[in-house]
Structures are given as structure tokens and as C-alpha cells.
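The values are calculated or read from the model by the stated rules, or taken from the named source; none is laboratory data. Note that the structure is a prediction, hence the values are computed from the model and not measured. Quick reminder, even Gly has a Cβ in these numbers, built from the backbone with ideal geometry, and neighbours come from all protein chains shown.
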Amino acid sequence: MWPMLKAYAELLHELGERIGARRKALGWTQQAAAERSGVNYRTWRRLENQGQASVEDLVKAAVALRCEEGLEILFLAPAASSIDELLRQQKSQARRSGPRSA
């Protein structure tokens with residue numbers, strides 16, 4: 001059975017709560033977090049309270065809160081469904097990476 005998907009508003013709310021919890025764990029006020037991240041204070045409050053901000057401000061917040069590694073797992077390429085597809089993905093990835101130096 002598939003897990004129940006969360007509503008858009010619920011995801012935003014939970015994200016804002018996690019941002020606030022992380023900030024508090026670091027012992028920062030909202031003002032301090034906003035200053036450290038380069039995000040406007042009103043935007044930071046909206047980010048925590050409503051989960052709403054631009055992608056740029058979300059990234060700034062993640063970096064300030066030392067959570068940028070979590071951004072790297074967002075929107076991963078889908079897993080290959082066959083060996084042929086896996087080989088195509090690897091070949092494409094090798095072309096993008098360019099020649100490796102020894």
C-alpha cells in the first residue's frame with residue numbers, strides 16, 4: 001500500500017517548523033538567523049511561520065543552519081528500471097563529467 005501523500009500546506013508548515021527547531025537548537029533568535037543567512041527578517045519569520053520563501057532564501061537559510069547537504073538529495077534522478085537504462089545513465093553522466101585525470 002502506498003503511503004498517504006501530505007498536502008502542500010502541510011509540507012510547508014512542517015518545513016517551517018523544522019527550520020524554527022533547527023534555529024532554536026543553535027540558540028539563535030529569528031533576527032540573528034536572518035542576519036547570518038542574509039535573508040530579510042520578515043522573510044525569515046514568514047519562512048518559519050508559513051514555510052513560504054523564495055528558493056534562494058530557502059537555500060540561504062539551509063546554508064546558515066548548516067543543512068545544505070539535505071538540499072543535495074532533493075529531486076534526484078529516478079532510479080534506472082533496467083540494466084540498459086542504467087548503462088545509458090552512466091554513459092550520460094560520464095560525458096557530463098568530462099575526462100578524468102589520473
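Observations, loosely collected:
- Residue tally, condition over 30 Å from SER37 (Cβ atoms) and either touching a residue at least 12 places away in the same chain (Cβ under 8 Å) or more than 22 Å from the chain's Cα centre (by Cα) (or both), over region 68-96: 17
- Hey, ALA77 among the small types (Gly, Ala, Ser) and assigned to a helix (DSSP H, G or I) or not: no
- Enumeration of residues in region 13-52 that are on the phi > 0 side of the Ramachandran plot and either at pLDDT 95 or above or hydrophobic (A, V, I, L, M, F, W, C) (or both): GLY27, GLY38
- Taking region 42-65 as the range and being exposed (fewer than 11 other Cβ atoms within 10 Å of the Cβ) and either within 11 Å of the chain's Cα centre (by Cα) or of a type in the set (Ser, Thr, Tyr) (or both) as the test, the residues that pass are VAL55, GLU56.
- Of the residues making up region 8-30, none is closer than 16 Å to GLU68 by Cα and touching a Phe, Trp or Tyr at 6+ places or on another chain (Cβ under 7 Å).
- Count - residues of region 54-97 that are more than 29 Å from LEU15 (Cα to Cα) and either of a type in the set (D, E, K, R) or in contact with a Cys (Cβ under 7 Å, 6 or more places away or on another chain) (or both): 6
- Every listed requirement among (1) loosely packed, with under 14 Cβ neighbours inside 10 Å; (2) polar (S, T, N, Q); (3) part of a loop (DSSP other than H, G, I, E, B) is met by SER92 save one, (3).
- Any hit, region 51-59, residues being of a type outside the set (S, T, N, Q), under 16 Å from TRP28 (Cα atoms) and out of contact with any helix residue (DSSP H, G or I) (no Cβ under 7 Å at 6 or more places or on another chain): no
- Taking the criterion of being over 30 Å from THR43 (Cα atoms) and among the small types (Gly, Ala, Ser), the residues of region 62-99 that qualify are ALA77, ALA79, ALA80, SER81, SER82, SER92, ALA94, SER97, GLY98.
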